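FYI, it's all coordinate maths here, none of it is from the lab. Computed from a prediction, not measured in an experiment: that's the story for all the values here. Reconstructed Cβ throughout: ideal geometry from the backbone, glycine too, with neighbour counts over all protein chains shown.
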Amino acid sequence: MNRHLEKVFETKEFINENGEIIPIHSETSKDQCAFLQQIIKENKFSKSIEIGFAYGLSTLAITEEVTNNNGSHLVIDKFQNSSWGGNGLSLIEKAGLRDRLEFYESYCYEALPKLLAEGRKFDFAYVDTTKQFDWILVDFFYLDKLLELNGVIVFDDAFYPGIRKALRYISQFPSYKIYSHYPQNRESSFTKKIASYLRHIPKANHLIKDNLIQLDEELSINASCVAIQKIDNDIRNWDWHVDF
Ligand SMILES: C[S@@+](CC[C@H](N)C(=O)[O-])C[C@H]1O[C@@H](n2cnc3c(N)ncnc32)[C@H](O)[C@@H]1O
């Protein structure tokens, strides 16, 4: 990992381009950044996209790794200057990687369709933005169309109900498989036992909440960070549906 990034994780602060000390918060952890870098490294990904810049910790980790593959990174954040003082950009500049980063200061729902219309393609995406179901689903809708085959999308904060719910749906798409998690998918034999009992109740799918009939852990999304891989183009029928 970049020496500059290691130091920010160690000291929990950095000095921006104006010489001000910026204490960090809301960041992706060091171990999770290493997890993102590992995915990029093992797949030799070089065209990455991210939603949620803040102070730029994950952005720096991703930019560093795609640069090793001679690639570049694109980050979207409506509030980089208004809420974060432009300090994410400052961090990348100070790490010497500004020329490898493209930045869109807009909402994801504005930037993503624009990128699609331009015919852009990416092989890696990291979603670390708002935690609401509808926003995450819209992000996924566009990211799927922007993603190359075999590309990977990583969702942070998958323990938030809105993100977990979106993942319950997305993880059942025939064109995706779970790639990996950080930390691991948590499993419990007790909840599994209850679920297998509930499933056999007549009309269970009408009477019992979906997440009790099919557990998050069985969908392999019971982790705080979930990576999914696009293994096919979207071949679903117009009336395709799964309970989630
Ligand atoms: C948890 S922080 C990102 C942390 C960052 N990934 C890191 O590791 O340091 C979430 C970020 O999402 C941004 N954000 C929230 N809603 C957004 C939206 N609808 N479109 C774009 N960015 C958004 C916020 O401004 C904030 O910078």
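Checking the cross-link filter: which aspartates and glutamates have an alpha carbon closer than 15 Å to that of K7, excluding same-chain neighbours under 8 positions apart?
Cα-Cα hits under 15 Å: E27, D31, E64.
Tell me which of T67, S29, I194 sits at the most positive position along the dipole axis of the chain, charges placed on C-beta atoms (Lys, Arg +1; Asp, Glu -1).
Projecting each Cα onto the dipole axis, the largest value belongs to I194.
With all distinct Cα pairs included, what does the Kirkwood hydrodynamic radius of the stretch 144-244 come out to in Å, to one decimal, could you say?
14.5
Under 19 Å Cα-Cα from K131, which lysines qualify once same-chain neighbours fewer than 8 residues away are excluded?
Within reach: K78, K165.
Report the charge-dipole magnitude of the chain in Debye, nearest 20, computed about the Cα centre from +1 at each Lys and Arg Cβ and -1 at each Asp and Glu Cβ. All intermediate terms of the calculation are to be shown ahead of the outcome.
Working: 28 positive and 35 negative charges, 145 e Å.
I would put it at about 700 debye.
Given the options L143, L112, L198, state which has the largest fluctuation in a GNM of the chain using a 10 Å cut-off (strictly under) for Cα springs.
Among L143, L112, L198, the largest GNM mean-square fluctuation belongs to L198.
In degrees between 0 and 90, to the nearest 10, how far off the longest principal axis of the chain does helix 133-146 point, with axes built from Cα atoms?
70
Below 14 angstrom from the Cβ of A204, what's the summed charge of the other residues (Lys, Arg +1; Asp, Glu -1)?
+1
For the chain, compute Rg over Rh where Rg is the Cα radius of gyration and Rh is the Kirkwood radius from the inverse mean 1/r over Cα pairs. Intermediate values should be presented prior to the final figure.
Values: Rg = 19.0 Å, Rh = 18.9 Å.
Over the Cα atoms of the chain, Rg/Rh equals 1.01.
Quick one: Debye curve from the alpha-carbon atoms of the stretch 50-106 only, equal weights, vacuum; give me log10 I(q)/I(0) at q = 0.27, 0.29 Å⁻¹ to two decimals.
Evaluating at q = 0.27, 0.29 Å⁻¹ gives log10 I(q)/I(0) of -1.07, -1.22.
Pairs of alpha-carbon atoms within less than 8 angstrom and 6+ residues apart define the contacts here; what relative contact order does the chain have, in percent?
On the way: 409 pairs, mean separation 39.4, N = 244.
Over the chain, the number comes to 16 percent.
Could you run the Karplus curve 6.51 cos²θ - 1.76 cosθ + 1.60 with θ = phi - 60° over the stretch 89-105 and give me ³J(HN,Hα) per residue in whole Hz, x for Gly and Pro?
Along the stretch 89-105, the couplings run 4, 4, 4, 5, 4, 5, 7, x, 10, 4, 6, 9, 10, 9, 10, 10, 8 Hz.
Considering only DSSP states other than H, G, I, E and B, which trypsin sites (Lys or Arg not before Pro) in the stretch 2-37 qualify as loop sites with at most 16 other Cβ atoms within 10 Å?
Here the trypsin sites (Lys or Arg not before Pro) that fit, given the DSSP loop and packing criteria, are K12.
Tell me, what HN-Hα J-couplings in whole Hz come from the Karplus equation 6.51 cos²θ - 1.76 cosθ + 1.60 at θ = phi - 60° for each residue of the stretch 4-9, using x for Gly and Pro?
With coefficients 6.51, -1.76 and 1.60, one gets 4, 5, 3, 5, 5, 5 Hz.
Treating cross-link reach as a plain straight distance, find the lysines whose alpha-carbon is under 18 Å from the alpha-carbon of K193, omitting any fewer than eight places away in the same chain.
The qualifying lysines are K209.
What are the ³J(HN,Hα) couplings of the stretch 81-87, residue after residue, when phi is run through the Karplus curve with 6.51, -1.76, 1.60 and θ = phi - 60°? Round to Hz, x for glycine and proline.
7, 6, 9, 10, x, x, 6
With the contact rule set at Cα under 8 Å and sequence spacing of 6 or more, what percent relative contact order holds for the stretch 31-170? If you can, show how the numbers build up before the last one.
Working: 229 pairs, mean separation 31.9, N = 140.
This gives 23 percent for the stretch 31-170.
At what distance in angstrom do the alpha carbon centres of the stretch 157-175 and the stretch 199-244 lie from each other?
8
DSSP loop (so not H, G, I, E, B), at most 15 other Cβ within 10 Å: list which trypsin sites (Lys or Arg not before Pro) in the stretch 146-243 pass both filters.
R186, R199, K203, K209, R236
Report the label-to-label distance for N205 and K30 in nanometres (one decimal), using points 7 Å from each Cα along the Cα→Cβ vector.
4.8
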